[in-house]
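The structure under discussion appears below in the form of structure tokens.
The values are calculated or read from the model by the stated rules, or taken from the named source; none is laboratory data. Worth saying up front: this structure is predicted, and the values here are computed from it rather than measured. Cβ: placed from backbone, ideal geometry, glycine included. Neighbour counts: every protein chain shown.
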Amino acid sequence: MILNPTKQNDLLQVFGDTRLLVHDFDLVGTSLGDPKDSSRVWTIHNLFKPLPRCIGGIRARCLDQKGFMSFIDQMSLEVLLGMGAPGDECVWADRSYPSPSDRDWFGFCCDYLDVLDDLYVRELGLRRDYPILPAGMEISFYVHSDHQADAIDRYYLIWDGNRETGIGPDTRMSTIESRWARIEREAVKWSRI
């Protein structure tokens, strides 16, 4: 077990108003094979706090060798790391660890909130070159939503400022949706990239 997210709140500290965990549990840089596609290898880049959703646990933001981004939930991650075996009881989740072949296996996937976390990390990288991000800036990145869905997301920067005060830059995670707008999601085939 990486941690018990229901009892070890002290290990779930985040940077500012983000969901990005301060503690990385020595997992950043760890490579993981994709159990649904043996040619795909994922590397952990960041860890994020749990969200109120069915899976629970921390989430790892991963990039594969072609630059696709995805997340993996704590239960799936513990299975891939050998910290939990399919069928064994997961103490913190109060259910059994799934196998990659089970219907309730999530593995590498991401939803809208995961994409927002990834967008924020990308924005932080852009801020190294631009103290205030220029309005109209566009960024594109590869997204792996689940084992059957890969895409290119394109986002447009509306304005790098606080809409209430008119002051910029606005670096808060809580307002990222008011700064960026997704303008396109184009399905792609991973094997053709």
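Worth pointing out:
- Some residue of the range 40-57 being surrounded by 14 or more Cβ atoms within 10 Å (Cβ to Cβ) and either small (Gly, Ala, Ser) or not assigned by TED's automatic domain parsing to the domain that holds Met83 (or both): yes
- Checking each residue in the range 141-193 for being under 20 Å from Asp111 (Cβ atoms) and part of a loop (DSSP other than H, G, I, E, B) picks out His147, Gln148.
- Taking the range 79-89 as the range and being touching a residue at least 12 places away in the same chain (Cβ under 8 Å) and surrounded by fewer than 21 Cβ atoms within 10 Å (Cβ to Cβ) as the test, the residues that pass are Leu80, Leu81, Met83, Ala85, Pro86, Gly87.
- Residues satisfying the stated conditions in the range 43-77, i.e. among the charged types (D, E, K, R) and within 23 Å of Gln13 (Cβ to Cβ): Lys49, Arg53, Arg59, Arg61, Asp73
- Cross-chain or 6+ apart pairs with Cβ under 9 Å, the range 2-13 first and within 16 Å of Asp73 (Cα to Cα), then among the basic types (Lys, Arg) and in a loop (DSSP other than H, G, I, E, B): Pro5/Lys49; Leu12/Lys49
- Residue that is farthest from Phe68 (Cα to Cα) [pool: residues in the range 146-165 that are of a type in the set (Asp, Glu) and crowded, with 16+ Cβ neighbours inside 10 Å]: Asp160
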